[in-house]
Protein chains: 2
Amino acid sequence: MNSTTSPDLRALDLSETANCACFNVRKTARSITQYYASFLANSPLKETQFSILSVLTQTEPLPIGKLAEILLMERTTLTRNLKPLILRDFISISPGKDKRSRLVSLTNTGSKAFAETLPQWQKAQKNLIAKFGKVKWALLRKQLTTLQSLTIDPM
Amino acid sequence: MNSTTSPDLRALDLSETANCACFNVRKTARSITQYYASFLANSPLKETQFSILSVLTQTEPLPIGKLAEILLMERTTLTRNLKPLILRDFISISPGKDKRSRLVSLTNTGSKAFAETLPQWQKAQKNLIAKFGKVKWALLRKQLTTLQSLTIDPM
DNA sequence: AATAATTAGGTGTAAATACACTCGGTTGAT
DNA sequence: ATCAACCGAGTGTATTTACACCTAATTATT
């Protein structure tokens, strides 16, 4: 039976695994994140933090779970991501009516940090979409949304 | 000048920041990663590890920098990602001709781990692409590749 | 009213990500 | 032959991600 021999995997087509949707989306995420990061280099906020605050500028205060839902982010991930924002006084946490829930609010310092980051983000966004194509991006975004719905609760 | 007042950000259209390409791609990456993870739950490899090994099944041995380039992954990120794979004896590191470089090779244990994970990955991939549409995915993948090239060395 | 089930949230642990910096080896210019 | 420039790779630090598990509060069931 030769149970110690490794399987011959060269026979497998790499194009199969190279087609992995997870790999391709993650790869793109890495690349695009570095792109935006280069624009935000001298801003007080990183990309994820900018996303979080951008939601809060519109809807505030929000319980943590609701914020996580909007961001399509694991609740426990968000808890961790909020920590540096609290430490730098960009957001504040207050108790909700329901004693279990905790509400996230934007502070004045946070508003300023967001306002300071916004122009840099706009440059990154404008520059990229101009190169990629506005219409093409609108379509791509729609397809990404579809991919999101297809991968939520797959079972 | 009232420098202590926070800027009025409600005036900003949330649809602007909600259109952020970085946010949208990262969000999709989170969702799709969890989807694949649910299929690989009982496999020896996580998604990123599967991607790394899948490259090595075809081209081996590879210097770390070259592997990082193929994966479109920061070299220092890859260094960190290789650590658990070394610890579990899925890959091995050997010195290259150039004494600076270090070559990554697949071990027999690693081959088996990959072979064991492959069917689960195939299920995830097949299931998702079937729902999304093969042709649509081919197009989407091409557009993701475009996004990658546009965000590499943007300056 | 007592208890079971559910819900909001945090923590332990581990992986993934990347920038700034460092070190040693290699190559190129003088 | 020397020295500067460059290249391959690792580490310190910090953020992002998420599963398993825990606690406390609330709601539903009996």
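So the values come out like this:
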{"read-out": "Condition met for A:PHE23 (within 30 Å of B:ALA113 (Cα to Cα) and modelled with pLDDT of 95 or more)", "value": "yes"}
{"read-out": "Hits in segment B:88-100 (condition: within 15 Å of DNA strand C (Cβ to nearest atom) and surrounded by 13 or more Cβ atoms within 10 Å (Cβ to Cβ))", "value": "B:ARG88, B:PHE90, B:ILE91, B:GLY96"}
{"read-out": "Given (1) free of Cβ contacts under 8 Å to residues at least 60 places away in the same chain; (2) within 18 Å of the chain's Cα centre (by Cα); (3) closer than 25 Å to B:ALA37 by Cα; (4) surrounded by 14 or more Cβ atoms within 10 Å (Cβ to Cβ), number of the condition B:LYS142 does not satisfy", "value": "(4)"}
{"read-out": "Exclusive hit being surrounded by 20 or more Cβ atoms within 10 Å (Cβ to Cβ) and more than 25 Å from A:GLN34 (Cβ to Cβ), set A:LEU67, A:LEU103, A:LEU85", "value": "A:LEU67"}
{"read-out": "Breaking point among (1) among the polar types (S, T, N, Q); (2) without any contact (Cβ under 8 Å) to a residue 40 or more places away in the chain; (3) outside any helix (DSSP H, G or I); (4) within 14 Å of chain B (Cβ to nearest Cβ), for A:ASN42", "value": "(2)"}
{"read-out": "Total residues in segment A:53-68, condition at the interface with chain B (Cβ under 10 Å from one of its Cβ atoms) and in contact (Cβ under 8 Å) with a residue 12 or more places away in the chain", "value": "6"}
{"read-out": "Qualifying residue in segment B:117-138 (condition: loosely packed, with under 15 Cβ neighbours inside 10 Å and modelled with pLDDT under 95)", "value": "no"}
{"read-out": "Number of the exception - B:ARG80 against (1) within 15 Å of DNA strand C (Cβ to nearest atom); (2) among the basic types (Lys, Arg); (3) surrounded by 14 or more Cβ atoms within 10 Å (Cβ to Cβ)", "value": "(3)"}
{"read-out": "Of the criteria (1) within 16 Å of DNA strand D (Cβ to nearest atom); (2) closer than 30 Å to B:LYS131 by Cα, which one A:LEU56 fails", "value": "(2)"}
{"read-out": "Positions within segment A:69-108 being closer than 24 Å to B:LYS27 by Cβ, within 14 Å of chain B (Cβ to nearest Cβ) and not in a helix (DSSP H, G or I), in sequence order", "value": "A:LEU72, A:MET73, A:GLU74, A:PHE90, A:ILE91, A:SER105, A:LEU106"}
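The values are calculated or read from the model by the stated rules, or taken from the named source; none is laboratory data. Everything quoted here is computed from the prediction, not taken from an experiment. Neighbour counts are summed over all protein chains in view; Cβ atoms, including those assigned to glycine, are modelled from backbone coordinates with ideal geometry.
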